[in-house]
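The values are calculated or read from the model by the stated rules, or taken from the named source; none is laboratory data. All values derive from a computational prediction rather than experimental measurement. Every residue, glycine as well, gets a Cβ built from its backbone with ideal geometry; the counts of neighbours run over all protein chains shown. Areas reflect the complete protein model, heavy atoms only, side chains present, ligands, DNA and RNA absent. Shrake-Rupley method; radii C 1.70, N 1.55, O 1.52, S 1.80 Å.
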Amino acid sequence: MVGKSVRPTVSARPPGRPRKEIDLGEVADNAARLFDEGGYDAVSIEAVAERMAVSRATLYRTVSTKDQLLAVLFERSTDELDRAATALVRQGRDPSEELFELMRLHIGAAIRTRRHMAIFFGGAGLPPDVLARWQGFSRRYERLWAGAVGRAMRAGLIPKDDPVLTTRLLLGMVIWVARWYRPDEPYTEDDITRIATRLLDQRSP
């Protein structure tokens, strides 16, 4: 008696194209490049999907609107700035060096991310959940700066006055770099930081 032949077992494959995991860091990188190349209007789900070599539908499963796409870029940028500033302050530097380096850090970030952060700073146009996280970041960031400003005042490096108001005025100055900086002008990041910090070096009479 001849035994029955046994067919090899084949595992079933799910129908359709295989799903691709979307890396939000890669999404942010490509959105930032599109901003740099063409500004706000150049950023879209379709353009980012093309840069990532995935279908629009694949990206849409993770990021479904332009607002969400911009929110990914915004959150990545603010998170990097928050982490870098917090790490700097935790080093316990001399007050003059600490404030100088904070200003350098933000001026550098303003220059590198000027295409998109100039739009986002202030939270305008962000979805409600991202706006709430922006507000939390803004409060933390201001407190961190106010601590450095207070230490510089106590050390006699800048005139003693209201540390919160002084902090807000300083932040306004460095945030605005993103608005006016032009790479074809002769001003470097070091030039801007040097002159900005010299403006602070005014002793009370």
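Where the centroid of each part is defined by its Cα atoms, how far is the range 132-181 from the range 42-116 in Å? The distance from the Cα centre of the range 132-181 to that of the range 42-116 comes to 20 Å. With contacts taken as Cα pairs under 8 Å and at least 6 residues apart, the range 52-197 reaches a relative contact order of 33 percent.
For the range 22-89, give the percent of accessible area contributed by carbon and sulfur heavy atoms, probe 1.4 Å, rounded to a whole number.
46 percent
Taking all protein chains into account, the per residue accessible area for the range 140-191 stands at 61 Å² (1.4 Å probe).
When ranked by the protection proxy of mean other Cβ atoms within 10 Å per residue, highest first, what sequence do the peptides 44-57, 145-158 form?
Details: 44-57: 15.6, 145-158: 18.9.
Most protected by this proxy first, the peptides run 145-158, 44-57.
For Lys160, the accessible surface of its heavy atoms amounts to roughly 150 Å² (probe 1.4 Å, protein chains only, rounded to the nearest 10).
For Arg143 and Tyr187, compute 0.36 nm times the residue count separating them, minus their Cα-Cα distance, and round to one decimal in nm. Working shown, then result.
Details: separation 44, 0.36 × 44 = 15.84 nm, distance 2.95 nm.
Roughly 12.9 nm would be gained on extension.
Between Tyr60 and Arg154, the modelled label-to-label distance comes to 5.7 nm, taking each label 7 Å out from Cα in the direction of the beta carbon. Computed on protein heavy atoms with a 1.4 Å probe, the accessible areas place Leu24, Leu199, Leu170, Leu131 in the order Leu199, Leu24, Leu131, Leu170, largest first. Carbon-plus-sulfur accessible fraction, the range 128-205 (probe radius 1.4 Å, protein heavy atoms only): 56%.
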